[in-house]
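Worksheet: one structure, shown below.
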């Protein structure tokens, strides 16, 4: 049941969104943690326990796949399904942001 | 000469993982750092060291050796030391820096997943006790049967309470989402 959360048209969690964004290029797990913190301007931190669970889930859902593996270090990248799902999500967020910005003027 | 190690007797319920984390952290502030946990989980061995504040965090995971390596690699890269594994409970520690960054789980979803793994494992034990309980009673002398019944009832209560408490924790986390 929890699996459906990602691929259904609803919104993905912040953690999932940023992991997918960072995997537009193949990256090792630990680099994903650093990159997410960097591109989110420090607003999103991903702990190793959370990342491990997210990787398993995203791999099971077919959104990411193993790109390379040297000893115990694995790198992941987006699958074509992952790219599609992420693109849909970005469009959705863009519309949300656009609408939000229109209203924001009236709030401040 | 100063004592290098000490054993401490301490009793926690299986669902008191957060309490265990806090206790281990307090011990580290006094210069006692976790080294090992006894078979029954009632005795903790600490080694003496500097009074450094460590943040302890527990995960619950049983994986194949290969997956475990990948798992530990992520923690290692994020600066977490894997102290020990005790019956599926993975004990990690890190020098205290920043409360926000010293978290192995950074969203509710992954905390829920952790407790679901605990729940799954503990639930597996419940039917096992029932099977033994119903199948073999007549074969034993009364005193032994009584002893068995007592042990089974207590164990089932213990496991049952654990399952219930963990299920409540999951519900609480789901509500917060």
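The values are calculated or read from the model by the stated rules, or taken from the named source; none is laboratory data. If you're wondering where the values come from, they're calculated on a predicted model, not measured in any experiment. Here the Cβ positions follow ideal geometry from the backbone for every residue, glycine too, while neighbour counts run over all protein chains shown.
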Scan the range A:47-72 for residues that are touching a residue at least 24 places away in the same chain (Cβ under 8 Å) and assigned to a helix (DSSP H, G or I) and report the count.
7
Mind listing just one residue for me: the one in the range B:56-72 that is out of contact with any helix residue (DSSP H, G or I) (no Cβ under 7 Å at 6 or more places or on another chain) and assigned to a helix (DSSP H, G or I) and, of those, nearest to residue B:105 (Cα to Cα)?
B:72
Can you name the condition, by its number, that residue B:125 falls short on among (1) within 15 Å of the chain's Cα centre (by Cα); (2) more than 8 Å from chain A (Cβ to nearest Cβ); (3) closer than 25 Å to residue B:159 by Cα?
(1)
Do we find a residue being within 29 Å of residue B:103 (Cα to Cα), buried (at least 21 other Cβ atoms within 10 Å of the Cβ) and modelled with pLDDT under 95 anywhere in the range A:17-31?
yes
Are any of the residues in the range B:79-90 under 30 Å from residue B:160 (Cα atoms) and part of a loop (DSSP other than H, G, I, E, B)?
yes
Subset of the range A:42-67 (residues that are exposed (fewer than 15 other Cβ atoms within 10 Å of the Cβ), more than 12 Å from chain B (Cβ to nearest Cβ) and touching a helix residue (DSSP H, G or I) at 6+ places or on another chain (Cβ under 9 Å))
A:62
Taking residue A:102, is it out of contact with any strand residue (DSSP E or B) (no Cβ under 6 Å at 6 or more places or on another chain), more than 26 Å from residue B:102 (Cα to Cα) and exposed (fewer than 15 other Cβ atoms within 10 Å of the Cβ)?
yes
Kindly list the number of the only condition in (1) modelled with pLDDT under 95; (2) facing chain A (nearest Cβ under 9 Å); (3) under 19 Å from residue B:165 (Cα atoms) that fails for residue B:114.
(1)
Of all residues in the range B:78-92, count the ones that are buried (at least 18 other Cβ atoms within 10 Å of the Cβ) and within 13 Å of another protein chain (Cβ to nearest Cβ).
6
For the range A:13-28, indicate whether the set of residues that are out of contact with any helix residue (DSSP H, G or I) (no Cβ under 6 Å at 6 or more places or on another chain), under 24 Å from residue B:115 (Cβ atoms) and without any contact (Cβ under 8 Å) to a residue 12 or more places away in the chain is non-empty.
yes
Of residues in the range A:29-41 being over 13 Å from the mean Cα position of the chain (by Cα) and either facing another protein chain (nearest Cβ under 8 Å) or in a loop (DSSP other than H, G, I, E, B) (or both), the one farthest from residue B:76 (Cα to Cα):
A:41
Conditions first: (1) surrounded by 13 or more Cβ atoms within 10 Å (Cβ to Cβ); (2) in contact with a strand residue (DSSP E or B) (Cβ under 7 Å, 6 or more places away or on another chain). Residue A:85 passes all but one, so which condition is the exception?
(2)
Hey, can you tell me all the residues within the range B:44-59 that are free of Cβ contacts under 8 Å to residues at least 40 places away in the same chain and under 13 Å from residue B:84 (Cβ atoms)?
B:44, B:56
Checking residue A:44 against (1) at pLDDT below 95; (2) outside any loop (DSSP other than H, G, I, E, B), the condition it does not meet
(2)
Can you tell me which residue among B:54, B:44 is within 26 Å of residue A:45 (Cβ to Cβ), surrounded by 14 or more Cβ atoms within 10 Å (Cβ to Cβ) and more than 12 Å from chain A (Cβ to nearest Cβ)?
B:54
Subset of the range A:68-82 [in contact with a strand residue (DSSP E or B) (Cβ under 9 Å, 6 or more places away or on another chain), surrounded by 14 or more Cβ atoms within 10 Å (Cβ to Cβ) and closer than 21 Å to residue B:63 by Cβ]:
A:73, A:74, A:75, A:76
